[in-house]
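Trainee: I have a structure I would like to understand better, so I am pasting it below and will then ask my questions one at a time.
The values are calculated or read from the model by the stated rules, or taken from the named source; none is laboratory data. In this text the structure is predicted, and so the values were computed from the model without any measurement. Neighbour counts are summed over all protein chains in view; Cβ atoms, including those assigned to glycine, are modelled from backbone coordinates with ideal geometry. Note: areas computed on protein heavy atoms with side chains; ligands, DNA, RNA excluded. Shrake-Rupley method; radii C 1.70, N 1.55, O 1.52, S 1.80 Å.
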Amino acid sequence: MLDINFIRDNRELVKQGMANKGEKNTSAVELVLNKDEEWRNTVTELDLARAESNKKAKQIGQLMGQGKKEEAQDLIRETGNSKERIKKLEELLSILQKEREDLLYQIPNVPDSSVPVGRSDEDNVVHSSWGEPCGDEWRLPHWDIAAEKKWIDFDRGSKVAGAGFPFYLGLMARLQRALINFFLNEAVAHGYTEIQAPYFVNEDSARGTGQIPDKEDMMYTVPRDGFYAIPTAEVPVTNFHRDEILSMDDLPIYYTAYTPCWRREAGSYGKEVRGLNRLHQFDKVELVKFVHPDQSDTELESLREYAESLLQNLKLPYRTLLMCTGDMGFTQTKKYDLEVWSPGQQRWLEVSSCSNFGSFQARRMQLRFKNEKGKTEMVHTLNGSGLALPRIVASILETYQTEAGDVLVPDVLRPYMGVDKM
RNA sequence: GGAGAGAUGGCUGAGUGGUCGAAAGCGCUCCCCUGCUAAGGGAGUAUACCUCAAAAGGGUAUCGAGGGUUCGAAUCCCUCUCUCUCCGCCA
């Protein structure tokens, strides 16, 4: 969420950002400011009432200590009214606070000034591209290759769990393990600390990274225990430092984590979910950064460049999109999507999305650091995939297939696979 | 899953109804002293919010979390969470 003081000082900017992100109704901005005013007035009133009552209680204590019981009794009799008043103000305050917070949660993060204004994915800007997307007619989509080689069993996955929960067999299972190891090792070599995280989180964590309240439907839940199955390692890893005050020397902090990810993906259909394009469970290596606010712009660029380097090492053609305001999401200030080329489908597949959240997540999580002046300040958080597996696997199968029907193993994966060809 | 013990400031640890935001020690910061070092002396050392143009100052809340009793709660009562010990179960 945004800082209420920032909203007060920049109300037009916040409204404009909201409108650019596609929110037609920006009234929450005025509403939250009004509510905040009301809240602050009530705080003042309550604090005064409490000060009064504390003063009396102290006097009573003194009188009791001096043995002046009757005078004390007189004072006690006087306190009845103010007690009731305090209680009423407390109730009012907690209602106002809740309303103020609910409104605050409705206001999206303000897009960075470098982000193109636009309505939909059609307005995203191609930031850069690498490699030559190939268009050979004979190339099969990955689901055909996988079926022929008996590498992926979607049907048994459906029987055992449901649609979108495939089994991987033999060399395909090994390829996934190879990719996970390759991605983790690369990240560690680039200064990220490897971290293994819980696969379920509680409600506070889901709220901390912004899955609740706006993206609740994306997650699988375990109601009996109050758990949410993580839709990405971003959730547990970013929450790792929730409610902490870091020292400036700690920053920047880089983490990398492999986890399975679970997403309900309600409403998806057709070619979007064909094969490995969209699954309910998939594997991903995630990158998370906690940085000084002055650094988050450059940290986003280095995060993107690192994720791109993985695709270059795998020799998979890709393009990088700078997401426009309308397509970037609620919590981000700026976001790049990396899309790998799928020659069997003749389309781009998103395999990484690198985002800067500014202080938006940190404020929800109360994740702060002591700055150079010794003041506590919100850290900036960033994350990106490095990378998501299924679409990489799809692209490898299609890009590295030979006319003879085999699939070559990308050079960098050969040490992990132990074979050159599948 | 059953039984019991506990949760206090950066750390250790006192505090069972009144002047306790909290003793003491350690650590840390600054200053003084000592020709280095060691030792010693003094001051300071939580977070959030409200008020204030800002600083200073003032106020409020916070002793695991939430609720209750009371004029007054770290201290009493209830619920929850977490940690530890024992039993059971188990990769």
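Trainee: Pick from A:Glu37, A:Glu30, A:Glu91: which is touching a residue at least 12 places away in the same chain (Cβ under 8 Å) and either within 30 Å of A:Tyr105 (Cβ to Cβ) or among the small types (Gly, Ala, Ser) (or both)?
Mentor: A:Glu30
Let's see how each residue does on (1) more than 17 Å from the chain's Cα centre (by Cα); (2) within 16 Å of RNA strand B (Cβ to nearest atom); (3) of a type in the set (S, T, N, Q):
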residue	(1), (2), (3)
A:Phe290	no, no, no
A:Arg319	yes, no, no
A:Cys324	yes, no, no
A:Asp337	no, no, no
A:Gly344	yes, no, no
A:Gln361	no, no, yes
A:Leu367	no, yes, no
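Trainee: Continuing with this model, one more query. Specify the residue that is modelled with the highest pLDDT; the eligible residues are those in the stretch A:233-270 that are at positive phi and not charged (D, E, K, R).
Mentor: Once the filter is applied, the top-ranked residue is A:Gly270.
Trainee: So how many residues does the stretch A:213-252 have that are over 21 Å from A:Pro108 (Cα atoms), charged (D, E, K, R) and assigned to a loop (DSSP other than H, G, I, E, B)?
Mentor: Filtering the stretch A:213-252 down to residues over 21 Å from A:Pro108 (Cα atoms) leaves A:220-230, A:233, A:236-237, A:240-241, A:243-252.
Subsequent filtering for residues that are charged (D, E, K, R) retains A:224-225, A:243-244, A:249-250.
Add one more test, that the residue is assigned to a loop (DSSP other than H, G, I, E, B), and what stays is A:243-244.
Of the residues in the stretch A:213-252, 2 are over 21 Å from A:Pro108 (Cα atoms), charged (D, E, K, R) and assigned to a loop (DSSP other than H, G, I, E, B).
Trainee: I've got another one for you. Please verify whether the stretch A:207-216 includes one or more residues that are at pLDDT 90 or above, exposed (fewer than 15 other Cβ atoms within 10 Å of the Cβ) and out of contact with any Phe, Trp or Tyr (no Cβ under 6 Å at 6 or more places or on another chain). Full working, then the answer.
Mentor: Restricting attention to the stretch A:207-216, the residues satisfying the condition of being at pLDDT 90 or above are none.
No; the residues of the stretch A:207-216 include none that is at pLDDT 90 or above, exposed (fewer than 15 other Cβ atoms within 10 Å of the Cβ) and out of contact with any Phe, Trp or Tyr (no Cβ under 6 Å at 6 or more places or on another chain).
Per-residue answers, yes or no, for (1) touching a residue at least 40 places away in the same chain (Cβ under 8 Å); (2) within 30 Å of A:Met417 (Cβ to Cβ); (3) open to solvent by 80 Å² or more (accessible area, probe 1.4 Å); (4) assigned to a loop (DSSP other than H, G, I, E, B):
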position: A:Arg174; (1), (2), (3), (4): yes, yes, yes, no
position: A:Leu184; (1), (2), (3), (4): yes, yes, no, no
position: A:Ala197; (1), (2), (3), (4): yes, yes, no, yes
position: A:Tyr254; (1), (2), (3), (4): yes, yes, no, no
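Trainee: Let me ask another. If you scan the stretch A:79-122, which residues turn out to be exposed (fewer than 14 other Cβ atoms within 10 Å of the Cβ) and touching a strand residue (DSSP E or B) at 6+ places or on another chain (Cβ under 9 Å)?
Mentor: Listed by number, the residues that qualify are A:Ser114, A:Asp121.
Trainee: On the given criteria, is A:Lys149 open to solvent by 90 Å² or more (accessible area, probe 1.4 Å) and not aromatic (Phe, Trp, Tyr)?
Mentor: no
Trainee: Another one. May I ask you to verify whether A:Glu37 is open to solvent by 90 Å² or more (accessible area, probe 1.4 Å), under 26 Å from A:Leu92 (Cα atoms) and under 38 Å from the mean Cα position of the chain (by Cα)?
Mentor: yes
Trainee: State all residues of the stretch A:201-224 that are of a type in the set (A, V, I, L, M, F, W, C) and touching a helix residue (DSSP H, G or I) at 6+ places or on another chain (Cβ under 8 Å); if no residue qualifies, say none.
Mentor: A:Val201, A:Ala206, A:Ile212, A:Met219 - these are the residues of the stretch A:201-224 that are of a type in the set (A, V, I, L, M, F, W, C) and touching a helix residue (DSSP H, G or I) at 6+ places or on another chain (Cβ under 8 Å).
Trainee: I've got another one for you. State which residue pairs qualify: first residue open to solvent by 30 Å² or more (accessible area, probe 1.4 Å) and inside the stretch A:364-389, second residue among the β-branched types (Val, Ile, Thr) in any location, beta carbons under 7 Å apart, and separation of 6 or more residues or different chains.
Mentor: From residues that are open to solvent by 30 Å² or more (accessible area, probe 1.4 Å), the pairs are A:Arg368/A:Ile245; A:Arg368/A:Thr376; A:Arg368/A:Val379; A:Lys370/A:Ile245; A:Lys370/A:Thr376; A:Thr376/A:Ile245; A:His380/A:Val291.
Trainee: Can you name the residue in the stretch A:123-143 that is touching a helix residue (DSSP H, G or I) at 6+ places or on another chain (Cβ under 9 Å) and under 27 Å from A:Ser359 (Cβ atoms) and is also most open to solvent (accessible area, probe 1.4 Å) among such residues?
Mentor: A:His127
Trainee: Another question, if that's okay. What are the pairs with Cβ atoms under 6 angstrom where one residue, in the stretch A:158-171, is surrounded by 18 or more Cβ atoms within 10 Å (Cβ to Cβ) and the other, located anywhere, is among the β-branched types (Val, Ile, Thr)? Sequence gap at least six, or different chains.
Mentor: A:Pro166/A:Ile152; A:Tyr168/A:Ile152
Trainee: Considering only residues of the stretch A:42-72 that are of a type in the set (S, T, N, Q) and within 7 Å of RNA strand B (Cβ to nearest atom), which is least open to solvent (accessible area, probe 1.4 Å)?
Mentor: A:Ser53
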